[in-house]
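One structure is given below, encoded as structure tokens.
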Ligand code: SF4
């Protein structure tokens, strides 16, 4: 695996991870599009389809409030394939993440991966770390064309991960699945939740991500939705220190680093480069937009409802029978989320709003207004004298 260069955006990190995994391969219909070429008002960089809410685990922080049984109104195989047909209309190489619940709870998962791959989608997967994720399953998914698998590790040891997840044995099963993926040649992504309960584990987790041979570490800053409402976020000051540390990690790590629901990571990286003697001083303005909910990012629920992200429970309608592309491009909800000049509070006054924009999901969770300030960001624009939001935090 080639080492990805320093990255500071979700799209760049995703693309570099893909490029690393495909190094040496000829261009194909599913080659990752150049992130800088994607007009996020026309297509998402990432389309997540929550194929089911069913999962054998019952993790304390689950966004999906996962349950053991599949929902009776879940999209059928035929409806799921029609959804993938719609995803293809966004353009070639569309990245589709099959999430859950546990996608492996669906018996048609391999069929869906193969169907999407055959039409030129880049199909990836976020299974749960359970005993059903065997080497045979990994091999079948790889044969079907899956491009990457993401697994969650929220602690660097069995004790800390299993305590956080509330499931004994989860750590060992996840690590075993990660090693099976690597042995099979399937590029691996590790997802980690950052909150008061996990933040001290990050350095050890970083070592584990490298040891597992992952191509990408996706660091999710807690948004209090689903069962995650019972967890404690870190403070804006601690988040700032974590992001500064992540920029250092990204410069030397043998894997890419991206944040989820923390676009101010881009602002931190830009400020860091500005401070470096060899960096252009005005790099913060005028670059392509970063990915945020509804702006490069879209989420389809297990019953076909379209959301700007899985952490922002405001819907632009149901796409079971069509309308995915049109709703992404034209719905009032998605269009408003893409208007960085419509942001309120200090995000609206911030010179970094076009490269950052704050987590719209966290703003919604805290205020009910998706255009409000992100309370996890500690940056205060120079001329801003309005209210400063803050998160309820612990563990600092
Ligand atoms: S104030 Fe808002 S737009 Fe500015 S860096 Fe913070 S989160 Fe991003």
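The values are calculated or read from the model by the stated rules, or taken from the named source; none is laboratory data. Everything numeric here is computed off the predicted structure, so don't read it as measured data. With ideal geometry, Cβ positions are generated from the backbone for all residues, glycine too; neighbour counts draw on all protein chains shown.
Residue 120 passes every criterion in (1) at pLDDT below 95; (2) under 22 Å from the mean Cα position of the chain (by Cα) apart from (1).
Please work out if residue 314 is closer than 30 Å to residue 77 by Cα, assigned to a loop (DSSP other than H, G, I, E, B) and modelled with pLDDT of 95 or more. So residue 314 passes the test.
Among the residues of the range 134-169, those identified as within 21 Å of the chain's Cα centre (by Cα), touching a residue at least 60 places away in the same chain (Cβ under 8 Å) and over 21 Å from residue 97 (Cα atoms) are 164, 165. Against the conditions (1) closer than 26 Å to residue 294 by Cα; (2) modelled with pLDDT of 95 or more; (3) surrounded by fewer than 22 Cβ atoms within 10 Å (Cβ to Cβ), residue 202 satisfies every one except (1). Scanning the range 221-257 for residues being away from the ligand (no atom under 16 Å from the Cβ), buried (at least 17 other Cβ atoms within 10 Å of the Cβ) and either modelled with pLDDT of 90 or more or within 20 Å of residue 352 (Cβ to Cβ) (or both) gives a total of 6.
Residues are listed down the side, and each one gets a yes or a no for (1) buried (at least 16 other Cβ atoms within 10 Å of the Cβ); (2) near the ligand (Cβ under 9 Å from one of its atoms):
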position: 311; (1), (2): yes, no
position: 319; (1), (2): yes, no
position: 326; (1), (2): no, no
position: 332; (1), (2): no, no
position: 356; (1), (2): yes, yes
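So which of 363, 372 ends up being part of a helix (DSSP H, G or I), free of Cβ contacts under 8 Å to residues at least 40 places away in the same chain and buried (at least 21 other Cβ atoms within 10 Å of the Cβ)?
On the way: 372 fails: part of a helix (DSSP H, G or I).
Result: 363 is the single residue among 363, 372 that is part of a helix (DSSP H, G or I), free of Cβ contacts under 8 Å to residues at least 40 places away in the same chain and buried (at least 21 other Cβ atoms within 10 Å of the Cβ).
Restricting attention to the range 386-395, does a residue exist that is within 13 Å of the ligand (Cβ to nearest atom), within 20 Å of residue 236 (Cα to Cα) and not in a loop (DSSP other than H, G, I, E, B)? No, the range 386-395 contains no residue that is within 13 Å of the ligand (Cβ to nearest atom), within 20 Å of residue 236 (Cα to Cα) and not in a loop (DSSP other than H, G, I, E, B).
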